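The values are calculated or read from the model by the stated rules, or taken from the named source; none is laboratory data. All of these numbers come straight from a predicted model, not from anything done at the bench. Methodologically, a virtual Cβ is constructed for each residue, glycine included, from the backbone with ideal geometry; neighbour enumeration extends over all protein chains shown. Heads up: the accessible areas ignore ligands, DNA and RNA and are worked out on the full protein's heavy atoms, side chains in. Shrake-Rupley method; radii C 1.70, N 1.55, O 1.52, S 1.80 Å.
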Amino acid sequence: MDILLFLAKRFIAGETFEQAKVVVKGLNDAGFLVTLDMLGESVTSKGQAERARDSYIQLLGDIYKLALNSTISLKLTQMGLDIDDAYCCENIMKIAEAAVNYKNFVRLDMEGSGYTQRTIDIFKKIHEVYPENIGMAIQSYLYRSKKDTAHAMENRHRIRLCKGAYKEPPDIAYPDKMDVNKSFEDIMKELLLKGNYPAIATHDERLINIAKTFARENNISPDGFEFQMLYGIRRNLQKKLLSEGYRIRIYVPYGRYWLPYTTRRVRERKENLFFVLKNIFRR
Ligand SMILES: Cc1cc2nc3c(=O)[nH]c(=O)nc-3n(C[C@H](O)[C@H](O)[C@H](O)COP(=O)(O)OP(=O)(O)OC[C@H]3O[C@@H](n4cnc5c(N)ncnc54)[C@H](O)[C@@H]3O)c2cc1C
C-alpha cells in the first residue's frame, strides 16, 4: 500500500484543495488549462453523494474566487448513479447550475461500460438545460463509440475523446490495442472536422501528431480544439505542445480517495506495475 501511495503522489496533486490549488496555480502560470477532479467514485449512500455534490459546488466557488483557469471533471458513481439515476441527475443538475453562476464547465467522466448508456442519458438531460456548461467523455475502445460520437456531433455535445481505462469484455470493446488506436484516430478526425470544441485526451504522441497534421491540412485553428493529459504523465510532451501554441488542459485529481484512480494508472502502463512489483520483492 505504501508503494502505491508513493506512486499516487506522482499522479495526484494532494489530498486537499489547499494542496491542489498550488498545483493548479503553477500550471496556470506556466500556460496550461486545468480540469480538477475531486477523487471519489462508487458511492453507496445518499450522504456520501450529497457531500461530494456540495464539495464540488464549493470547489466551483473557490475556483472563481481564486480566478483559477480550471473546469471540473466528475464521475457519476460519485454522484449516486449506483443509488438511482434520477437522484444522480438531480445532483449533477445542481452542480451544473452552480457552474453557470460561476461561468464554468462540468465534464462528466465516462466509467465502465455498465454505466455508458445511463451516463449519456443523464448528460443529455443536463445538456438540454445547460448546453454551454456540460460535456462528457467517449472511449474509443468501445464498439458503440462511433455511433455515440455521430449522435453527439449532431447535437453539438462537447466531447472529450479518450481510449478508455476500464477492463471491458471483447463483446463490448476492442481487445486489441491497434484497433483501439485506429478507432481513436477515426473518431478524433470526425470530431476535429465536425465536433463542438473537442478535447483530444491522450499521451500517445503518434495520435497527437496525427491530430496536429490533420488540423493543419483541414484549416482547423488550434483554438478550435484542445489536447488533454493527466497530471504527472508525459510532462515533456505537455510542455512541447504548449510551446507549439496548442491549448492543453491538465486533468488534476486530488483528494483522499486516491486508490482506484492510482490503480488504473498503474494497470495501463507495465513500467508502473514493474515499479510496484520490484519494490514488493525488494523487501
Ligand atoms: C484528460 C484525460 C481524461 C480522461 N478521462 C477518462 C474517462 O473519462 N474515462 C476513461 O475511461 N478514461 C479516461 N482517461 C484515461 C484514458 O482512457 C487512458 O486510459 C489513458 O489516457 C492512457 O491512454 P493513452 O491515450 O495515454 O494511450 P496509451 O497508449 O495507453 O499511452 C501512450 C503513452 O502515454 C504514456 N502513458 C500512458 N498512461 C500512462 C501511465 N498510466 N503512466 C505513465 N505513462 C503513461 C506512456 O508513455 C505511453 O506510451 C482520460 C485520460 C486523459 C488524458
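Looking across the stretch 100-125, the residues that are touching a helix residue (DSSP H, G or I) at 6+ places or on another chain (Cβ under 6 Å) and away from the ligand (no atom under 16 Å from the Cβ) come down to TYR102, ASN104, LYS125. Taken over the stretch 239-261, residues that are open to solvent by 10 Å² or more (accessible area, probe 1.4 Å) and within 13 Å of the ligand (Cβ to nearest atom) amount to 4.
Table: residues versus (1) more than 17 Å from the chain's Cα centre (by Cα); (2) within 22 Å of SER113 (Cα to Cα); (3) hydroxyl-bearing (Ser, Thr, Tyr).
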{"residue": "HIS127", "(1), (2), (3)": "yes, yes, no"}
{"residue": "ASP176", "(1), (2), (3)": "yes, yes, no"}
{"residue": "MET188", "(1), (2), (3)": "no, yes, no"}
{"residue": "PRO222", "(1), (2), (3)": "yes, no, no"}
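The residues on offer are ASN209, ASN218, ASN196, ASN181, and the sole one that is surrounded by fewer than 20 Cβ atoms within 10 Å (Cβ to Cβ), among the polar types (S, T, N, Q) and within 10 Å of the ligand (Cβ to nearest atom) is ASN181.
Of the strands (runs of 3 or more DSSP E) lying entirely inside the stretch 122-236, those containing at least 1 residues that are touching an Asp or Glu at 6+ places or on another chain (Cβ under 7 Å) span 134-139, 199-201. Taking the conditions exactly as written (within 23 Å of MET110 (Cα to Cα) and modelled with pLDDT under 95), does ALA99 satisfy them or not? So ALA99 does not fit the description; no. Here GLY245 meets the list (1) at pLDDT 95 or above; (2) in a helix (DSSP H, G or I) almost entirely, failing just condition (2).
Any idea which residue in the stretch 105-158 is most open to solvent (accessible area, probe 1.4 Å), counting only those that are over 20 Å from PHE225 (Cα atoms) and acidic (Asp, Glu)?
GLU128
The residue pairs whose first member lies in the stretch 118-134 and is within 15 Å of ILE95 (Cβ to Cβ), whose second member is in a strand (DSSP E or B) and of a type in the set (Lys, Arg), and whose beta carbons are closer than 8 Å, counting only pairs six or more residues apart or on different chains, are ILE134/ARG107; ILE134/ARG158. Only one of the listed residues (ALA86, ALA67) is at positive phi, surrounded by fewer than 23 Cβ atoms within 10 Å (Cβ to Cβ) and without any contact (Cβ under 8 Å) to a residue 40 or more places away in the chain. That residue is ALA67.
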